[in-house]
2 protein chains.
Amino acid sequence: MTPALAPSGAEPTTGLRVAILGATGAVGTEFLRLFETRHFPVAELRLLASERSAGKSLAFKGRNIPIEAVTPSSFEGIDVAFFSAGATRSREFAPHALRAGAYVIDNSSAFRMDDNVPLVVPEINLHAVGPADRLISVPNCSAIILLMAVAPLRKLGTIERLIVSTYQSASGGGAGMMRRLVDETKAYLDEREPEPNLAHPPYAFNLFSHNTAINAEGQNEEESKVIAESRKILEWPDLRINVTCIRVPVLRAHSQSITVEFAGSAPDEESVREALSRAAGVRVVDDRTANHFPTPLMASGQDDVFVGRIRKDPSHPSAIAMFAAGDQLLKGAALNAVQIAEAVIPALRTLV
Amino acid sequence: MTPALAPSGAEPTTGLRVAILGATGAVGTEFLRLFETRHFPVAELRLLASERSAGKSLAFKGRNIPIEAVTPSSFEGIDVAFFSAGATRSREFAPHALRAGAYVIDNSSAFRMDDNVPLVVPEINLHAVGPADRLISVPNCSAIILLMAVAPLRKLGTIERLIVSTYQSASGGGAGMMRRLVDETKAYLDEREPEPNLAHPPYAFNLFSHNTAINAEGQNEEESKVIAESRKILEWPDLRINVTCIRVPVLRAHSQSITVEFAGSAPDEESVREALSRAAGVRVVDDRTANHFPTPLMASGQDDVFVGRIRKDPSHPSAIAMFAAGDQLLKGAALNAVQIAEAVIPALRTLV
């Protein structure tokens, strides 16, 4: 019996002692729902957050779990810790959690490009996780959704280049940005001035270039992440890829317009549809007659990444264009993290 | 003195006798504002619409102008008619207006691809209008905004290919779609069911592939228009171009993520910025330090097409990526139509 299965209290139970760092965030609360719906074997649940949230509680399986302020000793006795509190907190607390013997599944960007840390989308590169790995990074949400739609096409030919424009939802900016979108929209409709917002351009019925710092090449941080992380996940350092990341007034699912150029001849549309239909975690919605294609609302609350508008790109002899939508909080974050735990932790591989 | 300047009543006035067909629509009402702000010399104004709107009136220069139901004889004595009531009405009434001797500036798709009808963005191809032309088509709004951002780059090199993803506003679907976006958003925020809407997917905090019929190549009508019209306006039947048209929950300006591939080497970013800064009708907003780039809100109510996020495309040896936003109702429709009239009608060329 592994330590993961040792009961932590008097009650004879099997399961994991689980911690969530960033429990009150937009991604954090999704973990609680996923643990229930996926029957994730939680023997003990520790909810960790900043001082600000300590003292509050969250409901889990009918019980109220108190939220504790995270400290270096918060991870004693924990089997797996899901981190979703930003890169600074991940850098500070991951070493403590690892020293306590926990698996750390990190949703932040802190370790993603670290050569010693696997960056994993389970459907694509689970093989990147070695038996000794205890720290595993969850990729950027836009990178996950893009690669879920693109990786299944590798068996149809050699992908030569990706050109991507995103339609990213508020949830990628956290619960605070979701609230701002709603509040600014209400103010607009009531013809009131919204609360001043210095973080980004007005959001009600508006969209804007991803509001992160621009580097010397003219890419914002989100675009740089998608480019670098796609190359790492696909194990393809020279992958030719450009991304334009735009924030749209949508609440919780990201969409993407994707052009895939192949070396040689492009696969026909039907082969693309079939490859995507067979891919785990992908759903093809591509009904031209009914004009029924992926939308962020359709993808919200759903595990799958939706792909449609599959067609030959008339501007290139061997390119395919398509449109994808995936829930940023689920496959883009919490679900991908839970799937990593389910696939990687030995005790879970037999339990689940 | 040309007939255009002949006074139509007793009052000694100079100016044109102007008709607007589709006066009550989202584009139609913009004409009235443009006539005032541009001091367009209107001697007489006839507002035409369907039977449904007849009897209402619209304010123009402090007077209420009655709206008349359009008939074949509505254009008697008219010098210039602006059509913005859809392709079916344009096909029906353009012959009557032309027979009455009027210039017809048509915002619909009815005649755009007709070899005998110039399709004009004045900053780009005014030379396409011959001295005998009386019927001139205004291009599709997305085509205008795209080409305003792209045409000035032709002097920097040979453009080889365009890859475009649009973020199109509700106004492109008319006043009715703008109302639906507002109504559905209010219903969502009030947790009410919105009025059922069979024309397109739910719109509150959602986006969707342009809801027009898909052809055998997988392109919707909007995409086909942008492709075909761009080729005609640029006089380049083989232009390699692909477009993905997406409707976003924004009220009145369209945005676009644009990749421009050049033959040979790409111009440097500074040359692109300079070429766009010098182009009439284009405003460069590209402040990386302040993260200040074009947004549809910024472009709303403005004549210029805004361009920014100008950068080398790292996935191609000679491509430039950029992001544009332009008011769909102004440069995308009414303004472009008025500019055509100002440039083409002989009486105006001396007057304005």
Scan the range B:225-240 and tell me whether some residue there is within 9 Å of chain A (Cβ to nearest Cβ) and surrounded by fewer than 17 Cβ atoms within 10 Å (Cβ to Cβ).
no
I'd like to check something: does the range A:91-107 contain any residue that is open to solvent by 40 Å² or more (accessible area, probe 1.4 Å) and in contact with a Lys or Arg (Cβ under 7 Å, 6 or more places away or on another chain)?
yes
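Would you call A:GLU44 open to solvent by 70 Å² or more (accessible area, probe 1.4 Å) and not aromatic (Phe, Trp, Tyr)?
No, not satisfied.
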May I ask you to list the residues in the range A:178-201 that are in a loop (DSSP other than H, G, I, E, B), within 11 Å of chain B (Cβ to nearest Cβ), open to solvent by 50 Å² or more (accessible area, probe 1.4 Å) and at pLDDT 95 or above?
A:ASP190
Inside the range B:262-279, the number of residues satisfying the requirement of being within 14 Å of chain A (Cβ to nearest Cβ), assigned to a helix (DSSP H, G or I) and among the acidic types (Asp, Glu) is 2
Criterion first (in a helix (DSSP H, G or I), buried (at least 24 other Cβ atoms within 10 Å of the Cβ) and more than 11 Å from every other protein chain (Cβ to nearest Cβ)) does A:ALA143 satisfy it?
yes
Quick check on the range B:165-172. Is at least one of its residues within 30 Å of B:GLY308 (Cα to Cα), open to solvent by 40 Å² or more (accessible area, probe 1.4 Å) and of a type in the set (S, T, N, Q)?
no
Being surrounded by fewer than 17 Cβ atoms within 10 Å (Cβ to Cβ) and touching a helix residue (DSSP H, G or I) at 6+ places or on another chain (Cβ under 8 Å), is that true of even one residue in the range B:312-327?
no
Of A:ALA213, A:ALA204, which residue is open to solvent by less than 40 Å² (accessible area, probe 1.4 Å), of a type in the set (Gly, Ala, Ser), more than 18 Å from the chain's Cα centre (by Cα) and within 9 Å of another protein chain (Cβ to nearest Cβ)?
A:ALA204
Does the range A:215-235 contain at least one residue that is more than 18 Å from B:PRO314 (Cα to Cα), part of a loop (DSSP other than H, G, I, E, B), of a type outside the set (A, V, I, L, M) and free of Cβ contacts under 8 Å to residues at least 40 places away in the same chain?
no
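Just a yes or no: is a residue in the range B:277-284 buried (at least 18 other Cβ atoms within 10 Å of the Cβ) and within 23 Å of A:PHE205 (Cβ to Cβ)?
Looking through the range B:277-284, at least one residue is buried (at least 18 other Cβ atoms within 10 Å of the Cβ) and within 23 Å of A:PHE205 (Cβ to Cβ).
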Which number in (1) part of a strand (DSSP E or B); (2) in contact with a helix residue (DSSP H, G or I) (Cβ under 9 Å, 6 or more places away or on another chain); (3) within 12 Å of chain A (Cβ to nearest Cβ) marks the one condition that B:THR259 misses?
(2)
Considering only residues that are out of contact with any helix residue (DSSP H, G or I) (no Cβ under 6 Å at 6 or more places or on another chain) and in a helix (DSSP H, G or I), look in the range A:22-41 and name the one that is most open to solvent (accessible area, probe 1.4 Å).
A:ARG33
Scanning the range A:236-256 residue by residue, those in a loop (DSSP other than H, G, I, E, B) and more than 25 Å from A:ALA299 (Cα to Cα) turn out to be A:TRP236, A:PRO237, A:ASP238, A:LEU239
In the range A:154-171, residue farthest from the chain's Cα centre (by Cα) [restricted to those that are part of a helix (DSSP H, G or I) and more than 14 Å from chain B (Cβ to nearest Cβ)]
A:LEU156
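Would you call B:THR259 surrounded by fewer than 18 Cβ atoms within 10 Å (Cβ to Cβ), β-branched (Val, Ile, Thr) and at pLDDT 95 or above?
Taking the combined requirement at face value, the residue does not satisfy it.
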Within the range A:280-344, considering only strands (runs of 3 or more DSSP E) that don't extend past its boundaries, which have at least 2 residues that are within 14 Å of another protein chain (Cβ to nearest Cβ) and without any contact (Cβ under 8 Å) to a residue 60 or more places away in the chain?
A:305-312
Condition first: under 29 Å from B:GLU222 (Cβ atoms), at pLDDT below 95 and not basic (Lys, Arg). Can you find one or more residues in the range B:81-102 that meet it?
no
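The values are calculated or read from the model by the stated rules, or taken from the named source; none is laboratory data. None of these values were measured; they are calculated from a predicted model. Using ideal geometry, Cβ is built from the backbone for each residue, glycine included, and neighbour counts are taken over all protein chains shown. Just the protein is used for accessible areas: all its heavy atoms, side chains included, with ligands, DNA and RNA removed. Shrake-Rupley method; radii C 1.70, N 1.55, O 1.52, S 1.80 Å.
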